[in-house]
Amino acid sequence: MKHITDLYPKADSLTALEQVMLDELKQSNISPSDCIWGTSVCSDEINNTFLELGKHFKAPGPFFFGGISGIPFTGKTGFGAFSSHIPDDGAAVILYGPHIGITKDGTPGKVLREGQSNPSSSCGSLIAGLESVKKGNVLNISHNDYQQGQVNKVLIENYEQIKEADNDVIATTEIGYNQIKRELTDIIGENIESLGDHPLLLIGGIIINTDWDQDDMFEVRDVSWFNK
């Protein structure tokens, strides 16, 4: 665990994340059973460990805002749909952030998945984008790989920050976090009327994937409310 907390000092268990969420709702006198929830995290199946949180909420859930990398590609149309699903006297919760693998030996950007003999990339989308911009590839946003094209665009725009970093994988993950947070909060702020009077809790952070036989972690970065 030390190799994780050296990089992410506030990283904690998913149980701790769950408690943060439940405490926030309780302090606002909101029952999670009156809420629906969504995520803006990468579509990588490795992040499905968070589905356990669904036991607290109404409906199957979650509503998936994020595509590859976790950027909320569903946009304002997706947010409008999500808002229209909130129970009449209820609220909503959205969990967001990028993910990064860290192996048992402390290698960031890699994780050993169940059934594989060698570690693979995590987040694969962010790391693929990083490798692309490091090679100086020309930006190409095509209809058959649209989301990755957008990820590459974000990293190109922030490449000076990546070049100056001690660890380019960590820096790329930070850029991913800032992009997800900015886009998601912009979408909500510009379409706040779709919430009506329903409160919305946002919890953002870094998802830390570990090798398949260990428990994933989460570093909470931001907790905020709309319509509270």
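Some values worked out for this structure:
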{"quantity": "Members of the range 133-150 found to be part of a helix (DSSP H, G or I) and either in contact with a Pro (Cβ under 9 Å, 6 or more places away or on another chain) or of a type in the set (A, V, I, L, M) (or both), listed by number", "calculated": "V133"}
{"quantity": "Residue selected from the range 189-224 under the condition exposed (fewer than 14 other Cβ atoms within 10 Å of the Cβ) and touching a helix residue (DSSP H, G or I) at 6+ places or on another chain (Cβ under 8 Å), by the criterion farthest from I36 (Cα to Cα)", "calculated": "D215"}
{"quantity": "Selected residue (criterion: nearest to the chain's Cα centre (by Cα)) from residues of the range 164-188 that are loosely packed, with under 14 Cβ neighbours inside 10 Å and charged (D, E, K, R)", "calculated": "R182"}
{"quantity": "Residue within the range 151-161 that is in a loop (DSSP other than H, G, I, E, B) and buried (at least 16 other Cβ atoms within 10 Å of the Cβ) present", "calculated": "yes"}
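This table checks each residue for (1) of a type outside the set (G, A, S); (2) touching a residue at least 24 places away in the same chain (Cβ under 8 Å); (3) over 30 Å from S28 (Cα atoms).
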| residue | (1), (2), (3) |
| --- | --- |
| A91 | no, yes, no |
| G106 | no, yes, yes |
| I127 | yes, yes, yes |
| L130 | yes, yes, yes |
| K135 | yes, no, yes |
| H143 | yes, no, yes |
| V151 | yes, yes, yes |
| V154 | yes, yes, yes |
| T172 | yes, yes, yes |
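Where a number appears in this text, it was derived from the coordinates with a stated rule and is not lab data. Here the structure is a predicted model, which means the values were calculated and not measured. All Cβ positions, glycine included, derive from the backbone under ideal geometry; neighbour counts span all protein chains shown.
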